[in-house]
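The values are calculated or read from the model by the stated rules, or taken from the named source; none is laboratory data. The structure presented is a predicted model; accordingly, all values stated were derived computationally and were not measured. Note that each Cβ is placed from the backbone with ideal geometry, even for glycine, and that neighbours are counted across all protein chains shown.
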Amino acid sequence: MTGKHAQSEEPRLEARGVTMRFGGLVALSEVDLAVPAGQIVGLVGPNGAGKSTLFGVLSGLLRPSAGRVRMLGADVTAAPPQLRARRGLARTFQHPELFASLTVREHVALAHRMRHHRRRILTDLFDGRGLLGRADRDETEHVDALVEELSLTEVQHQPVLGLPLGTSRLVEVARALATDPLVMLMDEPSSGLDVTETEALAATMRKVVAERGVSLLLVEHDVPLVLGLCDTVHVLDFGQKIAAGTPEEIRNDPAVRAAYLGEDVDDLPSGGELVAPGGELA
Amino acid sequence: MLSYLLAGLALGSIYAIAAGSLVVTYIASGVFNLAFAAMAFTVARVYYELHVEHEWGIVGSAAFSLLVFAPLFGTLLYALLFRFLQGRSTVVKLMATVGLSVALPPLVELALGKLTAVTAPGLAPLPLKVFHVFGATVNADQVATYVGLAVVLVVGVGVLRFTDVGLKVRALVDSGALTSLSGSNPSRISMGVWAVSTTLAGLAGILIAPTAGLHVAGMTGLMAAAFAAVVAARLRNLPLAIGIALAMGLVTTVPQKWITPDGAFAQAFIPSVPFLFMFVALVYYALRGMTGDVQTGGPLDRAIKAEGGDPSAVPAPALRFGRVNLGVALPVVFVGVVALLPQVLDVYWTGLVATGIVLGIILLSYTLVTGEGGMVWLCQISFAGIGALLVGEFATTRGWDPLVAVVVAPLLVVPVGVLIGLLTIRLGELYVALVTLTAGLLAQTLVITEDRFYNYGSGVFVSRPTFALENAAFAYLALAAFVVFGLLVLNLRRSTAGMALGAVRWSEDGARTIGISVVQSKVLVSAFATYVAALGGGFMAMNYQSTLPDSWAPFAGMVWLAVLLTLGARSIMAALLAGLLYALMPGIFATYLPVELGEVPVILFGVGAIALAAHPEGAIAQTAGNIARSRARRQVRRSRSLAAAPAPEKAGVGELA
């Protein structure tokens, strides 16, 4: 790994025996999962398998009925999402959760401030920064770099309301990266994107891991994308983990073939075919 | 004891009819009808007109007012207003119904005349017969309420359970989109629901009139109790709402067997009953995690709902005239014009201008909490009232300098705002609106009109600062305060806290996952807004040189909010303009137009709020948007015509080449 975050023995994010019940419905049953440093981990499964519920538990939006969630070994099961974000956990959503009254640039700047200058939420009220509009050089450089890296320069001053879906997803990625995360959870990032946009997004993901050392946990319906991109893949079915391993192991796992991939598995392209070489965003 | 039980059941029956009507219209249309009291008053007034003024019989008057006038009236309101509310944000829906509640009573009085006496007969013939049941006495009006509730329940359950119409209504409740796909017309069903709801409102109004009086204030008490029952029933559970309403009637009446009705405890306890019911229910639901936004319709309805939420939360496009930023220039010019007014107007009009500016300060608190924070708080006026009381306490009773009192006293109100903010932080928008409205009503009854402060309605004297004894000087002092707090609001909006509030408003989950604390953001804006409201209340007390305890009724605050939203919830200048309009328009009408048109400004304020249904962004933002769009279209046309025209230089180069 060449990223700036140091390697660690402990997984950056780990779920142990996570169970989630909604009344009588068991959405997750004793699920274990680990996201090591600098790796891309995939989470796949048919509709209703519990993938989004697990994302909710990992990001702190849902409190599990049983089991623990750890970040770098520290128990964060009871920690709310904002505390996990401050520890280095970021996420994107299947339906982009953007802030319609803010511009693209403000999304990135706000996320950066929340990680690095949290006190500004109070100090701005007294030092008149809102009125005077004084820019912080470190923030400006950081935001400029992210906006450029994700090809958002042209739309950076536009409000996000009305942006195309592909651009909205990039704004979410930029916002998440602005918090300098250790782990980023991406919920169906290719949903609604065409082939070209998907390839570009995959390239961005690889670049993020390679250059920033961020670990990615990816929920995705696009199986070729997952198998081509991930170091490890976990498969959920009806709330239970039925397999985990390398893409090749998953491809050959009979339980997965039976429960999820079916006969089409042999037709799947080999890893990486959908990803643009070089990792540059198209 | 039985007498108290029967009286309690009679009161509870009226609450139950009102609560049932509110629940049915809410689940069928997604609109929580704050105009229920005004609609009840309107139908009851028509009944009174026929029965008393035109001496029709009870049956004829009731049949016409309830079975002819009320359904037609409900249908008309649906056509003119309620149908436009589909898909609008909670605040727009609430404010449109507030507008209706503001405009209706004066319109009715313009049409039918103003009543000097508010005593009105119910559905029982006069003189009232008295019946003796196991030693207890029941009068004919009480019997009429039992019969009224029984008829409503039997007919309502029968129609909903066993008829084709009922099936369609239940289908509409589950999913308007699927109802439409199955060949039914949801609009027609909704119209029918509103017609029935208006009839029920009218029935409740006629039944409550003999005890509460035929005036909107009496009907409002009925509505507040019904609100509490509906909130306690989580807005959707019809049998529970009716059961809680009946229980509320009993809990209000039965204890009066043991306590003196005019005693201090009864004076505090009786008006608190609805709030207590609501509070207990909300704590129970909060502990069970059941107090989020209530979703109406089914998955398909939500899937096809247009994105965008409340357009008033999206900033208006920047306007420029050449190199001049109109977003900066226009407010400066407007404040300059307001500053000139005391120089050119006489003492009377300058006094009204000062009142308008002070009201603008109070309205800034709505700009903060609703415009920036996205929370529909209906108790800001109560904070202003408490601020006025505290300034009176410090400046007059304790001898503080009034200016020091007006700056310090609001700090004592801030914890109340923070507490309400914390208590309502996990509640859905509509719950927040109804809880804060009820809290405001409670504060008005228990604190602001308490004997110590009330002083037979004249309140406590509050002096102005010695340098601002004249109206003109006070107007300048108020304008300076408005400018200072306007700049503070602007600073908040552009600060990290303002951006965080914008984030929380649009996506709490998105905000939390980048490290924003929803609680911190909302408490921050709650505290600031509460301070500004209380400070504005203190200024108002200095303006009138009295705490004026009757000026802080929560329903008056809803009119203020409606006027502000009509102009723009996020515009600081809209707060000043709304304050000035609210203060000056009645004066203009009273001075220059016939006396009978004196209520027209109130009607106009109400109509303005109703217009929010069509233009939720408010007049100022809408005008700015129209100008910006018009200029953009002109630029596009100009660039197209330039592109279409031959380019002589290029042609020349081509020729040379």
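Collect the residues in the range A:102-124 that are closer than 15 Å to A:Gln82 by Cβ and hydrophobic (A, V, I, L, M, F, W, C), keeping them in residue-number order.
A:Leu110, A:Ala111, A:Met114, A:Ile121
Count, please, the residues in the range B:148-201 that happen to be assigned to a helix (DSSP H, G or I) and polar (S, T, N, Q).
Qualifying residue count, the range B:148-201: 7.
Could you pull out the residue among B:Leu153, B:Leu107 that is within 26 Å of B:Leu11 (Cβ to Cβ), touching a helix residue (DSSP H, G or I) at 6+ places or on another chain (Cβ under 8 Å) and either among the small types (Gly, Ala, Ser) or surrounded by 15 or more Cβ atoms within 10 Å (Cβ to Cβ) (or both)?
So the residue among B:Leu153, B:Leu107 that is within 26 Å of B:Leu11 (Cβ to Cβ), touching a helix residue (DSSP H, G or I) at 6+ places or on another chain (Cβ under 8 Å) and either among the small types (Gly, Ala, Ser) or surrounded by 15 or more Cβ atoms within 10 Å (Cβ to Cβ) (or both) is B:Leu153.
Among the residues of the range B:497-509, is there at least one that is among the acidic types (Asp, Glu), within 7 Å of chain A (Cβ to nearest Cβ), in a helix (DSSP H, G or I) and within 30 Å of the chain's Cα centre (by Cα)?
Looking for residues that are among the acidic types (Asp, Glu), within 7 Å of chain A (Cβ to nearest Cβ), in a helix (DSSP H, G or I) and within 30 Å of the chain's Cα centre (by Cα), one finds at least one in the range B:497-509, hence yes.
May I ask you to say which residue of B:Gly587, B:Gly606 is in contact (Cβ under 8 Å) with a residue 12 or more places away in the chain, closer than 18 Å to B:Ser551 by Cβ and in a helix (DSSP H, G or I)?
B:Gly587
Tell me, which residue of the range A:181-195 that is in a loop (DSSP other than H, G, I, E, B) and touching a strand residue (DSSP E or B) at 6+ places or on another chain (Cβ under 9 Å) is farthest from A:Pro164 (Cα to Cα)?
This residue is A:Leu182.
Against the condition among the charged types (D, E, K, R), out of contact with any strand residue (DSSP E or B) (no Cβ under 7 Å at 6 or more places or on another chain) and in a helix (DSSP H, G or I), how does B:Arg88 come out, does it pass?
Against the criterion (among the charged types (D, E, K, R), out of contact with any strand residue (DSSP E or B) (no Cβ under 7 Å at 6 or more places or on another chain) and in a helix (DSSP H, G or I)), B:Arg88 does not qualify.
Residue by residue, here is whether (1) away from chain A (no Cβ under 14 Å); (2) closer than 30 Å to B:Leu178 by Cβ; (3) surrounded by 14 or more Cβ atoms within 10 Å (Cβ to Cβ); (4) at pLDDT below 80 holds:
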| position | (1), (2), (3), (4) |
| --- | --- |
| B:Met278 | yes, no, yes, no |
| B:Asp293 | yes, yes, no, yes |
| B:Ala329 | yes, no, no, no |
| B:Leu352 | yes, no, yes, no |
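Mind telling me which of the residues B:Ala433, B:Ala541, B:Ala500 ends up being in contact with a Ser or Thr (Cβ under 8 Å, 6 or more places away or on another chain), under 21 Å from A:His107 (Cβ atoms) and crowded, with 24+ Cβ neighbours inside 10 Å?
B:Ala500
Quick one: in the range A:205-215, which of the residues that are surrounded by fewer than 24 Cβ atoms within 10 Å (Cβ to Cβ) and out of contact with any Pro (no Cβ under 9 Å at 6 or more places or on another chain) is nearest to A:Leu83 (Cα to Cα)?
Ranking the candidates gives A:Gly213 first.
Filter the range A:108-119 down to residues that are at the interface with another protein chain (Cβ under 8 Å from one of its Cβ atoms), out of contact with any Pro (no Cβ under 9 Å at 6 or more places or on another chain) and of a type outside the set (A, V, I, L, M, F, W, C), then give me how many there are.
Residues that pass the stated criteria total 3.
Does B:Thr513 count as buried (at least 21 other Cβ atoms within 10 Å of the Cβ), touching a strand residue (DSSP E or B) at 6+ places or on another chain (Cβ under 9 Å) and within 13 Å of chain A (Cβ to nearest Cβ)?
When the stated conditions are applied, B:Thr513 passes them.
Which residue out of B:Leu434, B:Leu492, B:Leu469 is within 27 Å of the chain's Cα centre (by Cα), more than 7 Å from chain A (Cβ to nearest Cβ) and of a type outside the set (Phe, Trp, Tyr)?
Exactly one residue qualifies, and that residue is B:Leu434.
Inspect all residues belonging to the range B:450-458 and state whether any of them is in a helix (DSSP H, G or I), in contact (Cβ under 8 Å) with a residue 12 or more places away in the chain and surrounded by 15 or more Cβ atoms within 10 Å (Cβ to Cβ).
Among the residues of the range B:450-458, at least one is in a helix (DSSP H, G or I), in contact (Cβ under 8 Å) with a residue 12 or more places away in the chain and surrounded by 15 or more Cβ atoms within 10 Å (Cβ to Cβ), which makes the answer yes.
Filter the range A:140-155 down to residues that are at pLDDT 90 or above, among the small types (Gly, Ala, Ser) and closer than 12 Å to A:Val171 by Cα, then give me how many there are.
0
Looking only at the range B:217-228, which residues are closer than 15 Å to B:Thr42 by Cα and either crowded, with 22+ Cβ neighbours inside 10 Å or of a type in the set (S, T, N, Q) (or both)?
Passing the criteria: B:Met219, B:Thr220, B:Leu222, B:Met223.
Condition first: touching a Ser or Thr at 6+ places or on another chain (Cβ under 6 Å) and assigned to a strand (DSSP E or B). Now tell me which residues in the range A:205-255 satisfy that.
Passing the criteria: only A:Gln240.
Can you tell me which condition B:Glu55 does not meet? The list is (1) of a type outside the set (S, T, N, Q); (2) assigned to a helix (DSSP H, G or I); (3) on the phi > 0 side of the Ramachandran plot, and all the others hold.
(2)
Among the residues of the range B:113-146, which ones are part of a loop (DSSP other than H, G, I, E, B) and either small (Gly, Ala, Ser) or out of contact with any helix residue (DSSP H, G or I) (no Cβ under 8 Å at 6 or more places or on another chain) (or both)?
Once the filter is applied, which keeps residues that are part of a loop (DSSP other than H, G, I, E, B) and either small (Gly, Ala, Ser) or out of contact with any helix residue (DSSP H, G or I) (no Cβ under 8 Å at 6 or more places or on another chain) (or both), the range B:113-146 yields B:Gly113, B:Lys114, B:Thr116, B:Ala117, B:Ala120, B:Gly122, B:Ala124, B:Leu126, B:Pro127, B:Gly135.
Looking only at helices (runs of 4 or more DSSP H) that lie completely in the range A:47-136, which have at least 2 residues being small (Gly, Ala, Ser), crowded, with 16+ Cβ neighbours inside 10 Å and in contact with a Phe, Trp or Tyr (Cβ under 6 Å, 6 or more places away or on another chain)?
Ranges flagged: none.
Of (1) of a type in the set (S, T, N, Q); (2) more than 7 Å from every other protein chain (Cβ to nearest Cβ); (3) in contact with a Leu (Cβ under 9 Å, 6 or more places away or on another chain), A:Thr123 satisfies all except one. Which?
All conditions are met except number (3).
Assess whether B:Trp552 counts as being crowded, with 21+ Cβ neighbours inside 10 Å and within 14 Å of chain A (Cβ to nearest Cβ).
For B:Trp552, the condition - crowded, with 21+ Cβ neighbours inside 10 Å and within 14 Å of chain A (Cβ to nearest Cβ) - is not met.
Which residue, of B:Thr211, B:Thr198, is among the polar types (S, T, N, Q) and at pLDDT 90 or above?
B:Thr198
With respect to A:Leu150, determine if the residue is among the hydrophobic types (A, V, I, L, M, F, W, C), at the interface with chain B (Cβ under 10 Å from one of its Cβ atoms) and either over 29 Å from B:Phe485 (Cα atoms) or surrounded by fewer than 23 Cβ atoms within 10 Å (Cβ to Cβ) (or both).
The answer is no for A:Leu150.
Tell me, please, whether a residue that is within 14 Å of another protein chain (Cβ to nearest Cβ) and either within 14 Å of the chain's Cα centre (by Cα) or closer than 20 Å to A:His112 by Cβ (or both) can be found in the range A:193-216.
no
Looking for something modelled with pLDDT under 90 and within 27 Å of B:Glu109 (Cβ to Cβ) - is there at least one such residue anywhere in the range B:59-79?
No: the range B:59-79 contains no residue that is modelled with pLDDT under 90 and within 27 Å of B:Glu109 (Cβ to Cβ).
Report, ordered by the first and then the second residue, all pairs with beta carbons closer than 7 Å, sequence separation of six or more or different chains, a first member in the range B:350-366 that is more than 17 Å from B:Ile386 (Cα to Cα), and a second member that is outside any helix (DSSP H, G or I).
Cβ pairs passing all conditions: B:Val353/B:Leu345.
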